[in-house]
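The values are calculated or read from the model by the stated rules, or taken from the named source; none is laboratory data. The model shown is predicted, which means the values in this text are computed figures rather than measured ones. In this analysis, Cβ positions are derived from the backbone assuming ideal geometry, glycine residues included, and neighbour counts consider all displayed protein chains.
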Amino acid sequence: MCVARDVTKKHHGDGVFLRSIISAQTGNCPEDCSFCSQSAHYDTDVEAHPLMADEKILRAAKQAETMGAMDFCIVISAKGPTPRIFKRVLGAVDMLKRETNLKIGCSLGELTEEQAILLKEHGVWRYNHNIETCRSHFPSIVTTHSYEDRVRTAEIVKQVGMNLCSGGILGMGESTRQRVEFAFEIRDLNPNWVPINFLNPRPGTPFSNFEPIQPLEAVRMISIWRLVLPDKILMISGGREVTLRDLQSMGVFAGANAMIIGNYLTTPGRSPEEDLKMLEDLEMPVRTDIAN
């Protein structure tokens, strides 16, 4: 862990980037990802809703800005955006660029090259498209799209010049070896930001009875991923509260230099005040400069 901390400081200095996300369109997703409570294939307690009104997205973005977030990501549940939804998302991006000082990201599913170009032209600086798990484990978590489908959109994002944010979820039945294998596959993909999520088993999904990774094992994985990915922004994301529990500060010290602050897509995060206090205690300032 100490070596991973030294590697983080060498490549990135001190400080942690904060990101906020919003589930702008929730549920009724046609994909069958076994971890996801938004899939239409499973009977879960998620309340589906269509794309939010611009005003509601703006309120959430302004709240994120007051919490210290440098970046705000619009997320929809879908295989990919329909033309109507895509047009509305572009309008929301334009509004956020006018009304806030946040960097704007999107996570809309699979993209065409034309859509990626339009997002960049409207000022989207980063696109999130997680690979989710390693190639060898991928068929065990989803059947409605392939590993190659995920990589294809990630490559399009890079080709048009947007920052790529791409990682996955640990704790979905993969072996320790596969977790390390996945880190090397992400290294080959070469994203700018790498989110590490931890499975938070959701009622009604095929993975509802899975046990979360033990906290120390999660910290160990963060350190290993930092050593494999020394120059990447490593972000601890969904499931960190459930998995790391009282060791969340160790997760940051072990190599993470970014966090999602506030709530996640369908589950609550802990209070922003707690996260900000943790960073203060670690003597790690909140960074608001642009991270490539």
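Observations
- Which numbered condition residue 47 misses (of (1) part of a loop (DSSP other than H, G, I, E, B); (2) surrounded by 14 or more Cβ atoms within 10 Å (Cβ to Cβ)): (2)
- Top-ranked residue of the stretch 134-169 - restricted to ones that are among the small types (Gly, Ala, Ser) and not in a loop (DSSP other than H, G, I, E, B), ranked as nearest to residue 41 (Cα to Cα): 140
- Hits in the stretch 52-102 - residues which are among the hydroxyl-bearing types (Ser, Thr, Tyr) and in a helix (DSSP H, G or I): 66
- Number of the exception - residue 236 against (1) free of Cβ contacts under 8 Å to residues at least 40 places away in the same chain; (2) buried (at least 17 other Cβ atoms within 10 Å of the Cβ): (1)
- Residue list for the stretch 50-81, filter: surrounded by fewer than 13 Cβ atoms within 10 Å (Cβ to Cβ) and either on the phi > 0 side of the Ramachandran plot or of a type in the set (Ser, Thr, Tyr) (or both): 66
- Filter pass, residue 24 being buried (at least 23 other Cβ atoms within 10 Å of the Cβ), touching a Ser or Thr at 6+ places or on another chain (Cβ under 8 Å) and more than 25 Å from residue 171 (Cα to Cα): no
- Tallying residues that are assigned to a loop (DSSP other than H, G, I, E, B) and either among the acidic types (Asp, Glu) or modelled with pLDDT of 95 or more (or both) within the stretch 214-245 yields 5.
- The stretch 38-53, residues that are under 25 Å from residue 90 (Cβ atoms) and within 22 Å of the chain's Cα centre (by Cα): 38, 48, 49, 50, 51, 52
- Odd one out for residue 32, checked against (1) outside any helix (DSSP H, G or I); (2) over 14 Å from residue 106 (Cβ atoms); (3) within 18 Å of the chain's Cα centre (by Cα): (3)
Table: residues versus (1) under 22 Å from residue 20 (Cα atoms); (2) among the polar types (S, T, N, Q); (3) free of Cβ contacts under 8 Å to residues at least 24 places away in the same chain.
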site: 78; (1), (2), (3): yes, no, no
site: 89; (1), (2), (3): yes, no, no
site: 114; (1), (2), (3): no, no, yes
site: 173; (1), (2), (3): no, no, no
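- Residues that are more than 20 Å from residue 236 (Cα to Cα) and not small (Gly, Ala, Ser) were ranked within the stretch 126-139; the one that is surrounded by the most Cβ atoms within 10 Å (Cβ to Cβ) is 138.
- Every residue from the stretch 255-265 that is among the hydrophobic types (A, V, I, L, M, F, W, C), in a loop (DSSP other than H, G, I, E, B) and at pLDDT 95 or above: 256
- Index of the failed condition, residue 254 passing every other in (1) within 20 Å of residue 193 (Cα to Cα); (2) touching a residue at least 40 places away in the same chain (Cβ under 8 Å); (3) touching a strand residue (DSSP E or B) at 6+ places or on another chain (Cβ under 7 Å); (4) surrounded by 22 or more Cβ atoms within 10 Å (Cβ to Cβ): (3)
- In the stretch 176-215, residue surrounded by the most Cβ atoms within 10 Å (Cβ to Cβ) [restricted to those that are touching a residue at least 12 places away in the same chain (Cβ under 8 Å) and among the small types (Gly, Ala, Ser)]: 183
- Test: residue 248 is more than 29 Å from residue 117 (Cα to Cα), in contact with an Asp or Glu (Cβ under 9 Å, 6 or more places away or on another chain) and part of a helix (DSSP H, G or I): yes
- Those residues of the stretch 155-173 which are within 21 Å of residue 34 (Cα to Cα), out of contact with any Gly (no Cβ under 9 Å at 6 or more places or on another chain) and buried (at least 21 other Cβ atoms within 10 Å of the Cβ), in sequence order: 166, 167, 168, 172
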